[in-house]
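Values in this text are rule-based calculations from the coordinates and carry no lab data. Just so you know, these numbers come straight off a predicted model, no measurement behind them. We place every Cβ from the backbone using ideal geometry, glycine too, and count neighbours over all the protein chains shown.
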Amino acid sequence: MKGVRASKGSRSLNQGGTTECGEPSSLVGRKAFLFGGGTMARMIKIFDTTLRDGEQSPGASMNIEEKVMIAKQLARLEVDIIEAGFAYSSPGDFEAVRRIAHEVEGPTICSLARAKPEDIDRAWEALKGGPRIRIHTFLSTSDIHLKYQFRLSREEALKRAVEMVQHARGFVEDVEFSPMDASRSEPSYLYEVLEAVIDAGAGTVNIPDTVGYATAGEFGRLIRGIREHVPNSSKAVISVHCHNDLGLAVANSLAAVLEGAGQVECTINGIGERAGNASLEEIVMGLRVRKDVYDADTRIRTEELSKASRLVSKITGMTVQPNKAIVGANAFAHTSGIHQDGLLKEKSTYEIMRPEAIGLAQSKMVMGKLSGRHAFRQRLEELGYKLSDQEFDHAFERFKRLGDQKKEVFEEDLEVIVSEEIAKIQERIVLKSLYVESGTGTTPTATVEVEIDGRLVKQTGTGDGPVDAAYRTITAITQTKSRLLSYAVKALTGGTDAQGEVSVRLEEDGIAVSGHGADTDIIIASARAYLNALNKLAFRTSKLAESRQKVGLI
Ligand code: KIV
Ligand code: ZN
């Protein structure tokens with residue numbers, strides 16, 4: 001019902017943002033934006049449009065429940081405004097805007113509406129009753145759009161923009177107007193439209209770089225031009241909405257902040273139409289980390305950023321590129337040995353922000369061929385291994401060799417390297433001699449002599465074949481309960497005198513190990529492989545028992 005006013009909502013009188021002390025920042029000279037000037041940081045409003053422009057990413061549509069879930073996470077982030085959808089566009093969007101306006105506490109909830117009465121009425125229908133609500137209406141101002149898309153003259157467009165802002169103001173106090181394609185509009189006409197819509201009651205004027213065409217210098221100058229040439233510009237918050245077609249959305253938004261913009265429209269993970277919008281996390285951390293340059297900050301609880309990024313990625317199915325700033329999997333991962341060494345000595349050597357600031361537990365050291373001794377020792381200590389110098393040197397050499405073969409050396413690889421190296425140095429069971437009798441018409445028999453912890457033991461046993469006889473005898477001597485998972489033999493070179501290499505895999509108590517042995521006699525190679533695996537098992541199971549004892553399980 002037109003004429004019914006919504007509650008006052010969050011429309012504020014802050015002109016281009018307020019300082020932390022509440023002083024209208026428009027009173028703070030441009031110099032202060034650039035050089036700090038001793039003033040407190042301006043608070044920039046974060047207008048999140050993940051649920052509206054973000055949903056315009058191809059394939060990223062979300063259902064109502066998912067939108068509510070994301071809106072609640074945006075509220076935990078403490079964004080100032082959530083653009084919850086475009087109520088007129090579909091019943092689903094209408095319902096999402098309605099539910100978010102009523103269920104999500106904290107931020108102002110906004111619906112987009114074209115500059116048409118039916119769109120604005122629908123936005124109001126969805127929002128009404130919500131504690132903090134805004135209608136965001138838009139119409140293009142560039143000649144390209146007016147001529148080819150809207151078929152309106154400049155005069156007609158200006159008149160419609162003013163009428164629709166007034167129409168929206170009939171419902172709510174908090175109205176935002178966007179001159180679409182502003183960055184390609186003729187500045188003098190843009191100024192004229194902005195002046196008229198501010199007079200008509202728009203509390204926020206949002207300047208979109210709709211097609212991501214502007215450069216940072218141009219966009220900054222555009223915002224400065226608006227502040228200088230729109231006589232009533234200080235009565236509205238100047239907002240910016242940048243697209244990323246040339247990869248400049250964040251740079252352009254930050255350039256606009258330097259020139260006095262008080263609101264930035266952005267999305268989680270930078271999703272949005274075509275190449276996306278400015279990324280919220282990059283804007284927020286850019287302002288936070290370089291407060292010295294921007295003299296501006298936001299109210300965002302940055303520790304919620306990582307969670308928000310994962311949630312949006314999971315729901316939209318849009319994976320975050322690993323090297324994405326702030327929230328990419330590699331944003332806090334260090335690979336170079338030089339960097340890892342520096343980081344272990346002092347975090348600030350290679351980190352300009354702490355991973356905890358965005359809600360991550362810690363930075364990641366990627367173990368691989370570039371890692372140095374310092375990082376390798378640190379990781380082994382984290383895994384509970386304290387090696388002697390000799391053991392460490394052996395293990396490090398093997399780690400480097402493995403790093404050349406594998407992109408990343410994982411924890412399990414390190415466990416194997418360490419256990420194999422230590423097992424090699426501390427072999428508990430050593431083969432001393434082996435004699436096998438087999439042939440047609442005889443039962444294969446093996447006589448095995450091993451040294452176990454320095455004690456010589458000799459035994460004879462039989463089996464289904466010579467290898468089986470040797471293995472059964474070794475099992476009897478060592479009294480092990482392991483299961484043979486696999487056995488493979490291959491010739492290392494050609495010819496009947498070739499070395500045979502035997503590989504086995506054993507399992508005991510859920511621990512699986514592999515063993516290798518080589519000899520020109522494949523029965524001896526088989527025995528060596530089996531004993532090699534038994535030595536590793538002995539090491540791994542004693543390590544397991546030690547750690548269980550430590551945590552009181554046995
Ligand atoms: O990119 C754009 O111009 C928009 C407007 C609706 C603000 O998304
Ligand atoms: Zn947009």
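All C-alpha to C-alpha distances of the range 427-551, sorted into 10 Å bins beginning at zero, yield P(r) values of 13, 41, 33, 10, 2, 0 percent in whole numbers. Once every Cα of the range 333-422 carries one equal point scatterer and solvent is ignored, give the base-10 log of I(q)/I(0) from the Debye formula at q = 0.13, 0.25 Å⁻¹, two decimals. So the normalised log intensities work out to -0.43, -1.28. Give, as ranges by residue number, the residues of the range 76-90 whose backbone N falls under 15 Å from the point 7 Å along Cα→Cβ of Glu303. Inside the label zone: 76-78. Take each peptide in 226-237, 252-263, 397-408, count the other Cβ atoms within 10 Å of every residue, and average; sorted highest first, the result is 252-263, 226-237, 397-408. The ratio of the alpha-carbon radius of gyration of the range 39-316 to the globular-protein estimate 2.2 N^0.38 Å is 0.92. Here, the chain yields an orientationally averaged convex hull projection of 35.4 nm² when only Cα atoms define the hull. Helical runs (DSSP H, four residues minimum) scored at -39500 (n - 2.57) apiece and divided by the length of the chain put the mean residue ellipticity at 222 nm at -12500 deg cm²/dmol. Rounded to the nearest 20 debye, the dipole size of the chain about its Cα centre is 740 debye, using +1 on the Cβ of Lys and Arg and -1 on the Cβ of Asp and Glu. Based on DSSP, what percent of beta bridges with both residues in the chain are antiparallel, to the nearest 5? In the chain, DSSP labels about 50 percent of beta bridges as antiparallel. Overall, the anisotropy analysis places the range 294-352 in the oblate class: the square-rooted eigenvalues a ≥ b ≥ c of its C-alpha gyration tensor yield a/c not less than 1.5, with a/b not exceeding b/c.
Look at the alpha carbon pairs under 8 Å that are at least 6 residues apart: their mean separation over the length of the chain gives a relative contact order of 10 percent.
Comparing Leu387, Val193, His243 along the charge dipole axis of the chain, the residue lying farthest to the positive side is Val193, per the Cβ-charge model. Among Ile429, Ile474, Ile135, Ile338, the order by Cβ neighbours within 10 angstrom, fewest to most, reads Ile338, Ile429, Ile474, Ile135. Gyration tensor analysis over the Cα atoms of the range 152-247 returns equivalent ellipsoid semi-axes of 22, 14, 13 Å (largest first, whole Å). Measure nothing but the geometry: give the 0 to 90° angle between the long axis through the Cα atoms of 305-316 and the longest principal axis through the Cα atoms of the chain, rounded to 10°. With rounding to tens, the tilt is 90 degrees.
Between the Cα long axis of helix 117-127 and the first principal axis of the chain there is an angle of about 50°, rounded to the nearest 10.
Calculated FRET efficiency, Glu346 to Asp393, Cβ-Cβ distance, R0 = 22 Å: about 0.25 to the nearest 0.05. Put in line by how crowded their Cβ is, counting other Cβ atoms within 10 Å and starting with the fewest, Tyr487, Tyr88, Tyr435 read Tyr435, Tyr487, Tyr88. Which whole-number percentage describes the relative contact order of the range 108-161, with Cα contacts under 8 Å and a sequence gap of 6 or more? It comes to 35 percent, rounded to a whole number.
With R₀ set to 25 Å, the beta-carbon distance separating Glu155 from Lys116 gives a calculated FRET efficiency near 0.90.
Here r is the Cβ-Cβ distance between Glu449 and Tyr487 and R0 is 25 Å; the resulting FRET efficiency, rounded to 0.05, is 0.65.
Against the chain, whose longest principal axis is taken from its Cα atoms, helix 154-169 shows a tilt of about 80°. Averaging the sequence gap over all C-alpha pairs within less than 8 Å and six or more residues apart, then dividing by the number of residues, gives the range 39-316 a relative contact order of 22 percent.
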